[in-house]
Structure formats: structure tokens, C-alpha cells
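Have a look at the structure below, then the notes.
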Amino acid sequence: MSSTPMEMDAQLPTATATATATPIAAPPPSNLAKLAESLKLEHQFLRVPFEHYKKTIRYNHRTIEKEVSAVISGVPAAASDISREEAVRQLTSLVSRLQGLKRKLEEGSQTEQLQAQRCRTRLEHLESAEVDNLPKWNSIRLKRILVDYMLRMSYYDTAVKLAESSNIQDLVDIDVFLEAKKVIEALEQKEVAPALAWCADNKSRLKKTKSKFEFQLRLQEFIELVRTENSMQAISYARKYLAPWGATHMKELQRVMATLAFRSNTECSTYKVLFEERQWDYLVDQFKQEFYKLYGMTLEPLLHIYLQAGLCALKTPYCYKNACTNEDPLSQEGFRKLAMPLPFSKQHHSKLVCYISKELMDCDNPPLVLPNGYVYSTRALQEMAKQNNGKISCPRTGLVCEYKDVVKAFIS
Amino acid sequence: MKGKRGQFGKYIRNNVRPQETENISSCSDLFTNHTLLAFLLPLLTQPSTSPKYFQSWKPISLLIAGMELNAIQDKFERVAKKQKVSSSKSHEWMEQVGREIEQALASIIQWDDNDSSISIDQKITELKAKLQTIDSQSNLDRPQRELNIDFAKYQKLLEKILHPDLSKTYRNADFDPHIINQIITQHFYREGLFDVADCLVKEATETEAISLRVQFQEIHQIIDALKSKRNLGPALDWASANREKLKDSGSDIELKLHKLQFVDILQNRNRAEALKYIKTHLAPFASSHMKEIQKLMGSLLWFGKLDKSPYADMADPIHWENLSEELMKTYCNLSGQPFTDPLSVTVAAGVEGLPTLLKLASVMTGKKQDFQAMKQLPVPIELGKSFQFHSVFVCPVSRDQSSEENPPMLLPCGHVLCKQSINKLSKCNTRNFKCPYCPLDASVAQCKQLHF
């Protein structure tokens, strides 16, 4: 097709303006429209690799800046009456330092490329969604959601295995979570060093969101010092690391400082709670939240979000009855339990399903009423009558009657 | 628009293959057809004037989605380009510094004790001065700042086009992780991912659902043998072992398996063996399925040229695919398991429901109502047909959903209302009333309760 991109830019802006200004009344959404809507749910999918890419770029840039500046200032000062050998030695070391930097940058640049490529791959994956390949695309989406769940629950091996099973390593964020793994495992061992390093790495971002995570880490370290009854050490620690936070978090600071007066086996509830092991679990949770926020991830696992939405949408009082069909997920015990605290779905229009054929009973296949009030679809009853000489029997009550005895019902 | 439409129509007739307008089934198709898009947009935004060959085009929403993905891609490439510029600038700076130092080093190495024109100190001072100039001229800040601006723009674009926070819809449901892990493990068994399931059970320290695992392993082995090795042995063994149960549930899968085996033998081995097969294995079905057996006997005549015979469709490889699906269905039916994977169904329902829930969440936070304490969603979620498992009757008068206390009632005219609406219309069962739809009179006694 001979194509000339004529006037495209001139036409596009006006077109989009009018498109948004004249909303089209929505008929029941077609598969295509539903697909388009579902793509809009993929913010995390695109945001996380981008954050990672940004981080690498910034890190590489900082590395160059720091190293080259250091080299420049490493040139020996003037008028130092330096000998030739000394000068040669110093300059040679600077040269080799720059060469080391070059090598490091090559690696860094490769990482950058890979991450940029990952961003592109994900965009292409979204593009590739078509009505024809929908089942496969949906099954990959479910896998992505499950890998996200595994990573958040720290089931790393399972996440890797699952990603490998469908070759979707580029579509999931295993490497990003490995960064978190170090911090989490250390915190579980009551080690705050990796967590503090992480805070230092992300200082500016954390400051922007006014995060107090670092403060909480320091508080916990202080409590551990108090627990081992190292009061002097605790106080100097507080002076150095807790005092700077006093301006913004004075109340909390005071509360924790008070623990100095109590012992770790205190019965006083306000302070007893501070000494509990659980505080470390809170730290892990807090870290996870900060981590998710930093990378633009949802604060809840995707699986929870989708499951909850799905359960609400499917939940009707009939799901909890024994006659509920097996195909309804809410007939399964696990799903029923999960859905208990959730609201029921709402319908504005009647939707009737034939007990026999499981088909929808609409104007193409209207509902017919037997003399005992039980209702089945026209198609199902016609089929039954054909096979049984015009007689139909109600599968639920056993009542037998003639096809001509049924009455049509009009449901709007 | 008239003139343009004429031009446009001519362009389409001359240059666009008919299938390009009919078979647009994906966002990428749309946006690669730039020129097509350019001409179509103004027309599509005025639905009343769109020529009839575009009525096969559907919602504008899809067009916009395609264009939006395009916009995101373009923005990203911009960022990547800016990054190249900024990074090459820094590399250049580094190279310059390196070169100067190396030059100075070289000249110092060649310096002769007797060369009094310039001392080492002076060389070094010179070097330092040169480096200072490079540093002050480098101006790395600007590309870095521009890059940061582009970063922010990209993020803003993502947040504009895609929903930035799905967590808004989350009520504190406190899902029990054990239940969820069990659901996931069962899903893996169903999909045949046994080693992933085992890994999960180990990492999450859950108790293994051994019986379920064994069940699904059995069916997966059977289907695997069938699909990848065209070996019907395990399937046939299973079918004959469960013959009674299969008969009770009305399934004829054993016959179907034998038929497929017969066709396989006929195609790959010889007629004698095929005939023998019918005699040994298909004889028990003779009384119930005479017509089928007769067909098979007939196909023997076309041994070697089955694909040119009237029985060509018997040789279609799609039968293998269909039969393995039916096997799975039958197996699940027999063991009381659902055929469709409940986790996939629920997540798919969630995908369809989330857009509505997101709108609800944004409206409700504005009204400060308690999202978390609802008994029923205040808005409907329109799910596709495949999610309709139960009949729901909504009374056209009261818009209430029927329940055990408020069942649907059939009026003599054929219209259906819920019991409470009828009570109200009949002033508590005392009077005759008119059906709201057709003015036929009815009394409460004439109304029959319906069971969907």
C-alpha cells in the first residue's frame, strides 16, 4: 500500500479532541473494548522496569561524575617540587583508574541497554494482545500475577521456576525483588545494615515521600542496645542517629528513649511492646511498603486485587447453596471462604440460565414455564420433547407433562 | 465533509485491500496503519457520516488504546535517545580528561634532566589548568536536567493512560495466605506444573494435597501420552477401568478412544490389524452403537487413501486435540472437579470487574463513604456470558434481586414481577391489579411462583 504520512500530525490532535468530547453511548462492551480496558490495568507492568532503568542510568552517571572528579583532583598539587618518578607514578595511577572506570562503564552501559530493551519488550507484549490469541495472553497474565505474588511472599524459587516454565522472565520483576531479598533476609536475622544501605542508596526518593523508615531502623537498633543493657552505648547511638529526626518525630523519639528507664523484661505494656520480636516483622512489612512505593508497584499483591474484584463480581447468594454448579469458582471451599467478607455483586438486569442446557434464556431462547412453576429454556424443552414424543419431564421435580402445556414468560 | 468522503472513498477503493478494514482485531494492526488512521479519524468521530464500509469498525476506545500505546512507545524512545546524548557527553568528558593526563604523562616520561625549558612542576600545573578548563566547559548538568524532565514526562504519561493505583479497590479483606497458597497449588496441579507446585509447598511450608496431586498427575500422564506420543494405551486402560462410572454419567468416551485408535491403526499399519481391532475391542459396543461400527467397517475399504474417501474427516488430526479435551472434561466430571480452572475464571472476572470498581473507588473516596463495610456493591459489573452461573431475576418494577423471601411470580399475562411488588400493587393482596406492562387484570391468586 503506497503510503504518504500526509497531514497526520495536523489531523490527530483535532481528532482526539473531538473523540473525547463526543462520548459514544456504550452498547454491551465488545471483546475488543474489554481487551482495551484490561490493558489499562497494567501500570505496574510498565512502571517497574522503567524505575529500574532510571536507577541504573543515575547510578552510572554518578559513578562517572565521582570517579572523574576524583581523578581530576588527584593530580598532584603544583609547586610540590615533585620528582620525575613520583610524577610518573601518580599520573600512571590516575590513568589506570580511568581505565578501570571505562571497563566498569561498559558493564553499566550493557545493563542499561538490557533494561531499556526490557521496557520495550513489555510494551510489545501489551501490543500483541489480540482477540484471536486471547486465551494464551490471558494465561500468561495469570502467570505474571502469580509470579508477582510469589516474589512478594518471598517464595523466590517458585517464582523463578514458574517464570521459566513459560519463558516469561522478561515480563516479570525477579531481579528487582532480588534486591529486596537481601534486605529482607537480613532484617529477619535482626541485621539492619543492608536496610540502612538501601536507605542511603535511595535517600533522595525517600526524602521526597517523607519516609520515616530509616528512623524506624535506627529506633530498633537503639532498642536492641537497650535490650543488652548497654545504656551508655545506647545513649551515644541516640545522640548520633536519632537526634536528627527529633524535629519531625519528637513524640516517637521520646517514647523510645524512655525505654532506657525500663528493662527489656518490663511488664509495662507501652514499653513491653517495643521489646517484642514482632517489631522486626513490622520492620520487614514497612520495608516492603517503601520498596513497592519506590518502584511504582501496587501496595497489595496483584493476585489479591484481581481475586477480590473477581470474587465480588461473581458472588451471589446462590453460590453458597448446595445446588451451585461445580463450574462456579464459588462452589469451591477455598473461594467461598475468601469471599465471605466481601460484598455481593449487583445486577440491574435479569440474567437467566437454563438449568438443563446452561445457556442464557434471552429473546433468542426464551424461558418456558411448566405447570409446577419450574422454568427451562425453549431450546432445551424442544429438544426434550423431540426425543420423547412431545412429553417433557422436569429434571428437578420429576413432573411429566406435554410440551403444549408450557407457558411463555416475558422477562425484560 | 462530503467532498472529503468522496476523496477518501476513492483512496480506500484504490489502495486498501478489503481485508484491512474487516480484520482489524488488534491494537497493533490499528496503529501500524498510520495513513489509514489519518484518514479515518475525522470520519470516525462523526458517526453519522461514516461510510458503510467502516461500520465493521468498533469502539473508538480501541482506536484510542492503540494510539496510546503508540504514544507511550514514542515517549520511551525519546527518553532512550536523550539518555544516549547525556551519556555520550559524560563519556567524552572522561575521554578528554584521560587524554590530557596521558599526554602530560608521556611528556614527563620523555623529560630530560637537562631540559631546562620547562620543569616538571610547570608541566603539572599546565595539566591541572587544562583539566580545570575541561571541567568548567563540560556542562554535564544540562543534558542531565533534560533527561530528568523526560523521565518525569514519561511517568506522567503512564499515569495518565494507565490506572496508576489498582490498590484503591482493595478492601481490607485480609486474605488467609494458607487458603490462597492452597488455591494456587491446586491450580498448578491442574495445569500440570507439578514441580512448581512442589516448590511452592516447600517454600510456603503448606501441607500437600496428595490425593489431588495424584489425581491430576494421572490425567496429565494419560493426556500427555495421547497428545505427544499418540499413545492411546493409558487412556484406554483408564476408560475400561472406569467403565461403569462412565456409563452412568452417559459418556461414550471409551468408544471414541477406540475409534481413534482404529483410525490410527488403519492409517499407520495394515487393514488386517485394523479389522482385528474392531473385532476385539469394538464388538462390545456393537449393540449400542451399530451405526458407528458400520461406518468404521466401511472405512476399511479405503485403506491407504482415507483422505480421499468419504471418511476423510475421520483422519483429521484435530480429533486428537478434541479428544484430549473431552478426556479432561470427563475425568473432572467423574472426580467431581470443575472443568474450568476456578482461579483463571476468578481472575478473568476480576479483570472485567476492575475498571468498574476503580470508578467506584474514586467516586466513593470523594463521598467519604465506607467502601469497606458494604454488603452489596452499589453498581453492577457486566460480566460476559461465560461468567453467568446462576439465574438472577431483577424485578422490573422495584429493581430488587429476587431471593427466597421475595421470589419471582408469574402473572397470568406472562409477565414476571417479584412478590413484594405484587403485594404493593395489590395493596396487600386485597385487590385486583393491572400488570405494569400490559393492562391485563390479575389477582394475587392467579400468580404462580417461579423457580429458575
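Can you tell which of B:Ile108, B:Ile72 is open to solvent by less than 30 Å² (accessible area, probe 1.4 Å) and more than 50 Å from the chain's Cα centre (by Cα)?
Values: B:Ile72 fails: more than 50 Å from the chain's Cα centre (by Cα).
Answer to the selection: B:Ile108.
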Would you mind stating whether B:Ser426 is under 30 Å from A:Lys321 (Cα atoms), of a type in the set (Ser, Thr, Tyr) and either more than 12 Å from chain A (Cβ to nearest Cβ) or open to solvent by less than 50 Å² (accessible area, probe 1.4 Å) (or both)? no
Single match in A:Thr121, A:Thr92 (criterion: more than 7 Å from chain B (Cβ to nearest Cβ) and either in a helix (DSSP H, G or I) or of a type in the set (Phe, Trp, Tyr) (or both)): A:Thr121
Residue ranges of helices (runs of 4 or more DSSP H) in the range B:248-325 with at least 2 members assigned by TED's automatic domain parsing to the domain that holds B:Leu226 and open to solvent by less than 20 Å² (accessible area, probe 1.4 Å): B:253-268, B:290-299
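With respect to B:Thr330, is the statement that it is out of contact with any His (no Cβ under 9 Å at 6 or more places or on another chain), crowded, with 17+ Cβ neighbours inside 10 Å and either away from chain A (no Cβ under 11 Å) or closer than 26 Å to B:Asn270 by Cβ (or both) true?
Here the answer is yes, as B:Thr330 does meet what is asked.
Could you tell me whether B:Ala241 is open to solvent by less than 10 Å² (accessible area, probe 1.4 Å), at pLDDT 85 or above and more than 25 Å from B:Leu301 (Cα to Cα)? Can you show your working first?
Details: open to solvent by less than 10 Å² (accessible area, probe 1.4 Å): no; at pLDDT 85 or above: yes; more than 25 Å from B:Leu301 (Cα to Cα): yes.
No: the conditions fail for B:Ala241.
Any idea how many residues of the range A:306-318 are closer than 15 Å to B:Gly353 by Cβ and either more than 7 Å from every other protein chain (Cβ to nearest Cβ) or not small (Gly, Ala, Ser) (or both)? Steps first, answer last, please.
We begin by selecting, within the range A:306-318, every residue closer than 15 Å to B:Gly353 by Cβ; these are A:306-316.
Retained after the next criterion (residues that are either more than 7 Å from every other protein chain (Cβ to nearest Cβ) or not small (Gly, Ala, Ser) (or both)): A:306-308, A:311-312, A:314-316.
Matching residues across the range A:306-318 total 8.
Sort out for me the strands (runs of 3 or more DSSP E) sitting completely within the range A:323-412 that have 2 or more residues that are open to solvent by 10 Å² or more (accessible area, probe 1.4 Å).
Working: elements: A:367-369, A:375-377, A:391-393, A:400-402.
Hits in the range A:323-412: A:391-393, A:400-402.
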Taking B:Asp174 as meeting all but one of (1) of a type outside the set (S, T, N, Q); (2) part of a helix (DSSP H, G or I); (3) more than 7 Å from chain A (Cβ to nearest Cβ); (4) surrounded by fewer than 18 Cβ atoms within 10 Å (Cβ to Cβ), write down the number of the exception. (2)
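Can you go through B:Leu358, B:Leu354 and tell me which one is more than 7 Å from every other protein chain (Cβ to nearest Cβ), at pLDDT 85 or above, within 22 Å of A:His304 (Cα to Cα) and open to solvent by less than 20 Å² (accessible area, probe 1.4 Å)?
On the way: B:Leu354 fails: more than 7 Å from every other protein chain (Cβ to nearest Cβ).
Only one candidate passes the filter, namely B:Leu358.
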How many residues of the range B:194-218 are at the interface with chain A (Cβ under 10 Å from one of its Cβ atoms) and either open to solvent by 30 Å² or more (accessible area, probe 1.4 Å) or farther than 20 Å from A:Leu151 by Cβ (or both)? The answer is 4
Output for Cβ contacts, cut-off 7 Å, separation at least six or different chains, first residue free of Cβ contacts under 8 Å to residues at least 40 places away in the same chain and at the interface with chain A (Cβ under 7 Å from one of its Cβ atoms) in the range B:150-162, second surrounded by 14 or more Cβ atoms within 10 Å (Cβ to Cβ) and basic (Lys, Arg), reads B:Leu162/A:Lys40
For B:Thr133, indicate whether it is open to solvent by 40 Å² or more (accessible area, probe 1.4 Å), more than 55 Å from the chain's Cα centre (by Cα), among the hydroxyl-bearing types (Ser, Thr, Tyr) and at the interface with chain A (Cβ under 10 Å from one of its Cβ atoms). no
Failed condition for B:Thr185, given (1) facing chain A (nearest Cβ under 9 Å); (2) surrounded by 20 or more Cβ atoms within 10 Å (Cβ to Cβ), with all others met? (1)
Which numbered condition A:Lys210 misses (of (1) in contact with a helix residue (DSSP H, G or I) (Cβ under 9 Å, 6 or more places away or on another chain); (2) part of a helix (DSSP H, G or I); (3) not hydroxyl-bearing (Ser, Thr, Tyr)): (2)
Are any residues in the range A:268-305 under 29 Å from B:Ala152 (Cα atoms), more than 12 Å from chain B (Cβ to nearest Cβ) and surrounded by fewer than 16 Cβ atoms within 10 Å (Cβ to Cβ), and if so, which ones? A:Asp285
In this structure, is B:Arg230 on the phi < 0 side of the Ramachandran plot and more than 10 Å from chain A (Cβ to nearest Cβ)? no
Output the residues belonging to the range A:229-267 that are of a type in the set (Lys, Arg), open to solvent by 100 Å² or more (accessible area, probe 1.4 Å) and either touching a helix residue (DSSP H, G or I) at 6+ places or on another chain (Cβ under 7 Å) or in a helix (DSSP H, G or I) (or both). A:Arg239, A:Lys240, A:Lys251
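Scan the range A:137-180 residue by residue and report those that are among the acidic types (Asp, Glu) and either open to solvent by less than 10 Å² (accessible area, probe 1.4 Å) or assigned to a helix (DSSP H, G or I) (or both). Write out each step before concluding.
First pass over the range A:137-180, keeping only residues among the acidic types (Asp, Glu): A:148, A:157, A:164, A:170, A:173, A:175, A:179.
Listed by number, the residues that qualify are A:Asp148, A:Asp157, A:Glu164, A:Asp170, A:Asp175, A:Glu179.
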Checking the structure you have, find out if any residue of the range A:95-117 is in contact with a His (Cβ under 8 Å, 6 or more places away or on another chain) and more than 9 Å from chain B (Cβ to nearest Cβ). yes
Is it the case that some residue within the range B:44-57 is modelled with pLDDT of 80 or more, among the polar types (S, T, N, Q) and open to solvent by less than 60 Å² (accessible area, probe 1.4 Å)? no
Under 17 Å from B:Val345 (Cβ atoms), of a type in the set (A, V, I, L, M, F, W, C) and crowded, with 19+ Cβ neighbours inside 10 Å, is that true of A:Leu134? no
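The values are calculated or read from the model by the stated rules, or taken from the named source; none is laboratory data. Since the model is a prediction, treat every value here as computed from it, not as a measurement. Heads up, the Cβs are rebuilt from the backbone with ideal geometry, glycines too, and the neighbour counts pull from every protein chain shown. Protein only, heavy atoms only, side chains kept; ligands, DNA and RNA dropped before computing areas. Shrake-Rupley method; radii C 1.70, N 1.55, O 1.52, S 1.80 Å.
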